[in-house]
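**Student:** First, the structure itself, so that you have it in front of you.
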Amino acid sequence: MKRIVIFASGSGSNAENLIKFFQDSDHASVIQIFCNNPHAKVLDRAKRLGVSALSFNRVAFTKTDDVLDILKATEPDLIVLAGFLWKFPEHILKCFENKVINIHPALLPKYGGKGMYGMNVHNAIIQNNESETGITIHYVNENYDEGAIIFQVTCQVSKQDTAEDVAAKIHKLEMEYFPKVVEQLLNE
Ligand code: GAR
């Protein structure tokens, strides 16, 4: 059985979707949620779905080996960032080369980088009159949103669309494709 761990910061709809998808799998399972916000909704979702979850602070993540040690003990085959908003520290990346992936709600390299998350991205798409957007799943390196791209899929943005409409389109793509891409990576 392949072991997936998820890092999330907020609502956790992607985390829930991944947990549910792999609950029906004989090959892989989500075994641990890591969260940097003790009040995040993702922690309630994990509890409801019976998946172990823990929260940590910035010192434990970036300055000490506390999070690294717990992560090592989980022996993950894949570390999935699903709406995780802190930069992933180099000392952890070094231990899990090519095992950390992220989902981004735009077509990287456009609309990436620090501060480009959630509605900020969709607002920028509308402000710039983009006619399409999409999702990117990519490996994580030491710079925000710059690792090698694994998968992208696009959707159209019409002139009438609001940022909320774009968010809904992106959410639909994430729900449909993210688990499948994770499954495929684990099978490689
Ligand atoms: C998702 O749309 C994800 O692509 C985005 O945050 C949302 C999290 O939603 N990630 C980023 O913007 C990363 N830069 P969720 O908490 O409901 O899964």
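Laboratory data are not the source of any read-out in this text; all were calculated from the coordinates shown. What you see is a predicted model; the values in this text were computed from it and never measured. Methodologically, a virtual Cβ is constructed for each residue, glycine included, from the backbone with ideal geometry; neighbour enumeration extends over all protein chains shown.
**Student:** Could you grab the pairs with beta carbons closer than 7 Å, sequence gap of 6+ or different chains, first residue in the stretch 149-164 and at negative phi, second one exposed (fewer than 14 other Cβ atoms within 10 Å of the Cβ) and of a type outside the set (D, E, K, R)?
**Tutor:** Taking only residues 6 or more apart or on different chains, the pairs are 156/131; 157/131; 163/119.
**Student:** Additional query: Which of the residues spanning the stretch 7-16 are in contact with a Phe, Trp or Tyr (Cβ under 7 Å, 6 or more places away or on another chain) and either more than 6 Å from the ligand (Cβ to nearest atom) or assigned to a helix (DSSP H, G or I) (or both)?
**Tutor:** 7, 9, 14, listed by residue number.
**Student:** Further question: Can you name the residue in the stretch 54-72 that is among the hydrophobic types (A, V, I, L, M, F, W, C) and surrounded by fewer than 16 Cβ atoms within 10 Å (Cβ to Cβ) and is also nearest to residue 176 (Cα to Cα) among such residues?
**Tutor:** For the stretch 54-72, the residue satisfying everything is 54.
**Student:** What residue, among those in the stretch 1-48 that are of a type in the set (S, T, N, Q), without any contact (Cβ under 8 Å) to a residue 60 or more places away in the chain and out of contact with any strand residue (DSSP E or B) (no Cβ under 6 Å at 6 or more places or on another chain), is nearest to residue 182 (Cα to Cα)?
**Tutor:** 29
**Student:** Still on this structure: What tally of residues in the stretch 108-121 results from selecting those that are more than 9 Å from the ligand (Cβ to nearest atom) and buried (at least 20 other Cβ atoms within 10 Å of the Cβ)?
**Tutor:** Within the stretch 108-121, residues that are more than 9 Å from the ligand (Cβ to nearest atom) and buried (at least 20 other Cβ atoms within 10 Å of the Cβ) number 2.
**Student:** Then there is this: Please go through the stretch 1-53 and pick out each residue that is buried (at least 19 other Cβ atoms within 10 Å of the Cβ) and on the phi > 0 side of the Ramachandran plot.
**Tutor:** 12 - this is the single residue of the stretch 1-53 that is buried (at least 19 other Cβ atoms within 10 Å of the Cβ) and on the phi > 0 side of the Ramachandran plot.
**Student:** Right, next: Within the stretch 17-65, take every residue that is within 16 Å of the ligand (Cβ to nearest atom) and part of a loop (DSSP other than H, G, I, E, B) and give me the one that is nearest to residue 92 (Cα to Cα).
**Tutor:** That would be 36.
**Student:** Take the residues of the stretch 103-143 that are outside any strand (DSSP E or B) and touching a Gly at 6+ places or on another chain (Cβ under 6 Å): which is farthest from residue 157 (Cα to Cα)?
**Tutor:** We begin by selecting, within the stretch 103-143, every residue outside any strand (DSSP E or B); these are 105-131, 140-143.
From what is left, the residues that are touching a Gly at 6+ places or on another chain (Cβ under 6 Å) are 107, 140-141.
Numbers: 107: 13, 140: 27, 141: 30 Å.
Once the filter is applied, the top-ranked residue is 141.
Yes/no matrix, rows are residues, columns are (1) without any contact (Cβ under 8 Å) to a residue 60 or more places away in the chain; (2) within 24 Å of residue 29 (Cβ to Cβ):
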residue: 59; (1), (2): yes, no
residue: 79; (1), (2): no, yes
residue: 94; (1), (2): yes, no
residue: 97; (1), (2): yes, yes
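**Student:** Something else about it: Return yes when residue 136 is away from the ligand (no atom under 11 Å from the Cβ) and of a type in the set (Ser, Thr, Tyr) and no when it is not.
**Tutor:** Judged against the criteria, residue 136 is not a match.
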